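Below you'll find the structure, written out as structure tokens, and then a few comments.
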Ligand code: FA5
């Protein structure tokens, strides 16, 4: 880019004749003209780069004033002294004005950056991003609170479990057809039949034996925790989900206690108006065994064509029953003295009922639009 064109960007109305300097035949008038033009331009310059261009243009080696000084030799000796003094004076004047302008430009740019960076404490703050508890965590806590209010304690157990506690101690020996009910994710997949096979627990029931082994009746505990099953997912089935196990053991505990406890729980969770159904069910570690269902929130129990309850009008939320004497014997309890009940429920299914969620897969899809509603 030619030098003068560059300069015109910086200096509006710059003196184009000065961009191709040549040795001038100096006079007092030409020096006055240079001072006037240079001073006017100097005032309009706003940045240091343009000021340097200005310096080169007027005071540089081939600048306008330098050319005047070089031209002194071409004028009459009689005029030379006065014009020379004037030219030197002009040089000092322009140098001083340049210095002053540089100071001003520096000061102005400092002020601009100070204003830009200043912290305005009166501005409203940016709202902090707030997280919230996952809906499963909220419902697990709500379930536990309902049982704590009825005198139960809360304990937790391992998610990676031995076959021994997940099956054997629950009256489900190797080869027992009931093992098919829990599609197991084996950790020791090579040999699930070996003596101490390890798995991801398929339910929270292994904690029944672990708790009973570690303490004497009376026992009243709930056990919240995560479970895993190797199964296809649909609107009501996940391959990883939570359960809350319940266990009560003591003298003289009957099936009426089990029903009373679960009715009270359902009343607290769902209100008086929700319908509850107990049906006979089979779990090898309880006798008798039941499942407990709530009328479907989606079709209000009609069932007809409902994909949530699969036409039944009911959604099963837990299995329950009186603890099988073999389980009590297995942990060394006196079965003549002690009886008890146990139950295991799915918190996600309970949250679905409570909040009208139509698909269990929403819980773990990490979609914030879903999660932020809770
Ligand atoms: C059991 O797991 C028994 N351990 C429950 C039990 C405990 C019975 C104590 C008797 C005494 P079941 O497989 O039905 O049972 O599961 C219990 C509850 O867990 C179900 O009612 C349901 O609410 C929930 N659940 C089961 N499978 C899934 C799944 N794939 N996805 C989400 N929730 C599930």
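No lab work stands behind these numbers, since they all come straight from the coordinates. These figures come from a predicted structure and were not determined experimentally. Note: ideal-geometry Cβ built from the backbone for every residue, glycine included; neighbour counts use all protein chains shown.
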Nitroxide proxy distance, nm - points 7 Å out along Cα→Cβ at residue 337 and residue 88: 12.3
If I take the Cα coordinates of the range 46-202 and project them onto the principal axes, what are the three extents in Å, biggest first? 129, 45, 18
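Applying 1/(1 + (r/R0)^6) with R0 = 41 Å to the Cβ-Cβ distance of residue 280 and residue 128, what FRET efficiency is obtained, to the nearest 0.05? Working shown, then result.
On the way: r = 53 Å, r/R0 = 1.30.
Here the calculated transfer efficiency is 0.15.
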For the range 76-121 and the range 257-330, what is the separation of their C-alpha centers, rounded to whole Å? 91
Estimated distance in nm for a label pair at residue 61 and residue 145, the labels positioned 7 Å out from Cα along Cα-to-Cβ: 8.5
What does the C-alpha gyration tensor say about the overall shape of the range 137-371? Classify as rounded when a/c is under 1.5, otherwise prolate if a/b is larger than b/c, or oblate. oblate
Residue 44-residue 259 pseudo-label distance in nm [points 7 Å out on the Cα-to-Cβ vector]: 10.1
From the helices alone, meaning DSSP H stretches of at least four residues, give me the mean residue ellipticity at 222 nm for the chain, per-run term -39500 (n - 2.57), in deg cm²/dmol to the nearest 500. -12500 deg cm²/dmol
How much length, in nm to one decimal, is gained on full extension between residue 29 and residue 307, taken as 0.36 nm per residue of separation minus their Cα-Cα distance? 90.0 nm
Over the chain, what is the percentage of antiparallel beta bridges among all DSSP beta bridges, to the nearest 5? 95
Contour minus Cα-Cα span, residue 100 to residue 367, at 0.36 nm per residue, comes to 89.9 nm
Computed over the range 286-374, Cα set: Rg, Dmax in Å: 17.9, 55
